[in-house]
Amino acid sequence: MSIHNADIAAAFDEIADLLSIQGANAFRIRAYRRAAQNIRGLPHQIAEAADLAAYEAVPGIGADLAAKIAELTRTGHLAALQKLRRQVPPGLRDLLSLPGLGPVRVRALMTALKIKNPADLRRAVATGRLAEVRGFGPAVRARLEQALARAPSEALKRMPIAQAAEYAEPLRRFLAAVPGVERAEIVGSYRRGRDTVGDLDVLVCAPPTVDPAAALRGYSDLGALNASGRTKASGVLRNGLPFDLRVVASESFGAALQYFTGSKEHGIRLRQRARARGLKLSEYGLFRGRRSLAGPSERDVYATLGLEWIPPELREDRGELEAAERHALPQLLERADLKGDLHAHTRASDGHDSLEDMLAAARAAGLTYVAITDHSRYLGIVRGQDAARLARQCDAIDALNERLRGFTVLKGAEVDILEDGRLALADAALAPLDVVVIAVHSHFDLPEAKQTARVLRALERPHVTILAHPSGRLLGEREPYALDFERVLSAAHERPCYLEVNGQPLRLDLDDVRVKAAVERGVLLSIASDAHSVGQFANLDGAVRQARRGWARKADVLNTRPIAQLRKLLRATRR
Ligand code: DGT
Ligand code: CA
Ligand code: CA
């Protein structure tokens, strides 16, 4: 491993940046900066020096920094830097890479306007709020606007699908309404329902007389249009999301839909299959020689290749082609299959609305039961309930159920898993509940063995029903914590208890791969909104999409059961 002075200096500068965003001690930050500067100025490669003493001879390098240089030289990594990278949301780090934005300004944006990523910044520029922040005079703002316009895709990485959807659906409707346009679809990872998207791929069906790309120029959500011809254009939307536009004729629409939906891996396998049959598959159609066998319809493309039509969520080359060949694709879960929701909050803890309003909203969302799972009292959650308040809430729910017809409110709680694997509420407090959702809300950075032991220990408690958001990730903000998921899955299977697919837009946790593992193991899933207000039962749509990507069928899901069957499954978890 060859480490250059520039590498060491860059690592120290990054540490200083991240510490500075965190508002760390100024002396500590300056020590890293000065060391970086001195190392950059050295006439020789410091990594070639024989030992720590030689490192310490450089001005500004003490024992601590010398040890870090040694670590970097030996391993190529710095544990301290990796830890900081996990702590500081990637969006803030993306902001740092914009010209004119150092850590001090990033911190100012964060404190004054809660700006956490380039997309937030773009909005603040668009609405003029940036001018309110100290240190952002006209010159700084002008430079930032230029930078944001120039390099949006570098400044912003993958976007959570719910955030992308806010721009994708209006864009699709706009294009579909352009005179002469026959169809417009958002394809790519968006159509596959991936949890995040890199860019939007927009496919438009129109005859040669129509120029949808030209129509786009007047579109209100357009940030910039880069390359543009009649059949191909690319640009970026005002929220920073890049897009590719393709225009095809109707005789190719199905083939193009297939091609640009991807995934790339799925497409490669499909084209191999075509080739093995002496055919050629492209975005223009499926051909034998020059004769087109399929093109207008995506279904026909699959059928002509001897395959069932494959739902886009499955197109990841995870066995779907083999299943489609055997006519053994799963009948995937649908939103309409859900009979209830087993994770929702009221203002008894950190929710926004009353118990009555939440159940009315659940009912309006087409559900027949909802579990109220307010937080237990714990560090992070100020308004969490203790045993006494939980008991009173249970009484209120009992009274409510007396009056309700055709709808059931289940008594529940979302209970913190403490650092040592105990639960934040005593077994006696949990015994009267119908649903006990447990979750990790703290100590995310325990080593894998400890984190796994912690969760396994919690799963041993007598009243546990569901493990909520099992990986703890927050898209763009927090990585999953280190956990041996196989062991958790085995424990859930043996116990039994159930695993949640949390539909909060930044959680979508379990992810698709783990959903599939749970389905294969026969561990039932709870498709959950984790609603904190009446509008958030819409989170169920995202959870369903995620579950479909993990091959989940109606039978794999706990809350597709009518209430009587559900109660049996809930009781089966009791010890
Ligand atoms: P993303 O944008 O990173 O979330 O993921 P995708 O899947 O939307 O990827 P993207 O936007 O690069 O391309 C859209 C689709 O176009 C992709 O899913 C399949 C097709 N495609 C793009 N590039 C290639 C390629 O080099 N080979 C093949 N076979 N297909 C490609
Ligand atoms: Ca894409
Ligand atoms: Ca693309």
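The values are calculated or read from the model by the stated rules, or taken from the named source; none is laboratory data. Because the structure is a prediction, the values reported are computed rather than measured. For neighbour counting, all protein chains shown are included, and Cβ atoms are generated from backbone atoms with ideal geometry for every residue, glycine included. Calculation scope for accessible area: heavy atoms of the full protein, side chains included, ligands and nucleic acids excluded. Shrake-Rupley method; radii C 1.70, N 1.55, O 1.52, S 1.80 Å.
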### Message
Consider the stretch 474-507. How many of its residues are closer than 18 Å to residue 527 by Cβ and hydroxyl-bearing (Ser, Thr, Tyr)?
### Response
1
### Query
If you take the residues in the stretch 245-265 that are among the small types (Gly, Ala, Ser) and in a helix (DSSP H, G or I), which one is farthest from ligand 2 (Cβ to nearest atom)?
250
### Task
Working only within the stretch 161-176, note down all residues that are more than 17 Å from residue 230 (Cβ to Cβ) and touching a helix residue (DSSP H, G or I) at 6+ places or on another chain (Cβ under 9 Å).
161, 162, 163, 164, 165, 168, 171, 174
### Query
Among all residue pairs at least 6 apart or on different chains, which show Cβ distances below 7 Å where the first residue, located in the stretch 197-210, is of a type outside the set (Asp, Glu) and the second is within 16 Å of ligand 1 (Cβ to nearest atom) and assigned to a loop (DSSP other than H, G, I, E, B)?
197/158; 198/158; 200/241
### Query
Given the conditions (1) in contact (Cβ under 8 Å) with a residue 60 or more places away in the chain; (2) within 11 Å of the chain's Cα centre (by Cα); (3) open to solvent by less than 10 Å² (accessible area, probe 1.4 Å), and given that residue 506 satisfies all but one, which numbered condition is not satisfied?
(3)
### Task
Taking residue 378 as the residue in question, decide whether it is open to solvent by less than 10 Å² (accessible area, probe 1.4 Å) and of a type in the set (Ser, Thr, Tyr).
no
### Message
If I go through the stretch 223-242 residue by residue, how many of them are among the aliphatic types (A, V, I, L, M), in contact (Cβ under 8 Å) with a residue 40 or more places away in the chain and either over 23 Å from residue 123 (Cβ atoms) or buried (at least 21 other Cβ atoms within 10 Å of the Cβ) (or both)?
### Response
3
### Task
Return the only residue of 270, 279 being away from ligand 1 (no atom under 15 Å from the Cβ), in the same structural domain as residue 315 (by TED's automatic domain parsing) and over 14 Å from residue 201 (Cα atoms).
279
## Note on the structure
How many residues of the stretch 74-107 are in a helix (DSSP H, G or I) and open to solvent by 30 Å² or more (accessible area, probe 1.4 Å)? The answer is 15
### Task
From 517, 491, 543, grab the single residue that is under 14 Å from the mean Cα position of the chain (by Cα), at pLDDT 95 or above and farther than 19 Å from residue 413 by Cα.
543
### Message
For the structure I just gave you, tell me whether residue 242 is more than 16 Å from ligand 2 (Cβ to nearest atom) and either at pLDDT below 90 or of a type outside the set (Phe, Trp, Tyr) (or both).
### Response
no
### Summary
Wholly inside the stretch 342-434, helices (runs of 4 or more DSSP H) that include 3 or more residues that are within 30 Å of residue 452 (Cβ to Cβ) and among the hydrophobic types (A, V, I, L, M, F, W, C) are 427-430
### Query
Which condition breaks for residue 113 when tested against (1) within 16 Å of ligand 3 (Cβ to nearest atom); (2) more than 17 Å from residue 224 (Cβ to Cβ); (3) at pLDDT 85 or above; (4) of a type outside the set (Asp, Glu)?
(1)
### Query
Could you count how many residues in the stretch 446-476 are over 19 Å from the mean Cα position of the chain (by Cα) and more than 17 Å from residue 343 (Cα to Cα)?
17
### Task
Test residue 452 against the criterion of being β-branched (Val, Ile, Thr), free of Cβ contacts under 8 Å to residues at least 40 places away in the same chain and in the same structural domain as residue 361 (by TED's automatic domain parsing), and give yes or no.
yes
### Query
Does residue 409 qualify as being touching a Gly at 6+ places or on another chain (Cβ under 7 Å) and surrounded by 21 or more Cβ atoms within 10 Å (Cβ to Cβ)?
no
### Message
Under 7 Å between Cβ atoms, which residue pairs at least 6 apart in sequence (or on different chains) link something in the stretch 333-354 that is of a type in the set (Ser, Thr, Tyr) with a partner that is part of a loop (DSSP other than H, G, I, E, B) and open to solvent by 10 Å² or more (accessible area, probe 1.4 Å)?
### Response
346/353; 346/354; 349/383; 354/347
### Task
List every residue pair whose Cβ atoms sit under 7 Å apart, with the two residues 6 or more apart in sequence or on different chains, where the first one lies in the stretch 249-271 and is closer than 13 Å to residue 294 by Cα and the second, anywhere, is more than 16 Å from ligand 3 (Cβ to nearest atom) and acidic (Asp, Glu).
250/182; 254/298; 254/300; 257/298; 258/298
### Task
Check the stretch 126-133 and report whether any residue there is open to solvent by 10 Å² or more (accessible area, probe 1.4 Å) and not assigned by TED's automatic domain parsing to the domain that holds residue 13.
no
### Message
Condition first: more than 16 Å from ligand 3 (Cβ to nearest atom) and touching a residue at least 24 places away in the same chain (Cβ under 8 Å). Now tell me which residues in the stretch 212-222 satisfy that.
### Response
212, 215, 219, 221
### Message
Tell me yes or no: at least one residue of the stretch 307-315 is outside the structural domain of residue 408 (by TED's automatic domain parsing), farther than 30 Å from residue 441 by Cα, in contact with a Gly (Cβ under 9 Å, 6 or more places away or on another chain) and within 16 Å of ligand 3 (Cβ to nearest atom).
### Response
yes
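For (1) in contact with a Ser or Thr (Cβ under 9 Å, 6 or more places away or on another chain); (2) touching a residue at least 24 places away in the same chain (Cβ under 8 Å), each residue gets a yes or a no:
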residue: 395; (1), (2): no, no
residue: 399; (1), (2): no, no
residue: 412; (1), (2): yes, yes
residue: 415; (1), (2): yes, yes
residue: 427; (1), (2): no, yes
residue: 437; (1), (2): yes, yes
residue: 444; (1), (2): no, yes
### Query
List, please: which pairs have Cβ atoms under 6 Å, are six or more places apart or on different chains, and start with a residue in the stretch 183-196 that is at negative phi and end with one that is near ligand 1 (Cβ under 10 Å from one of its atoms) and charged (D, E, K, R)?
187/201; 192/315; 196/158
### Message
Return the residues of the stretch 266-293 that are of a type in the set (S, T, N, Q) and part of a strand (DSSP E or B); say none if nothing qualifies.
### Response
282, 292
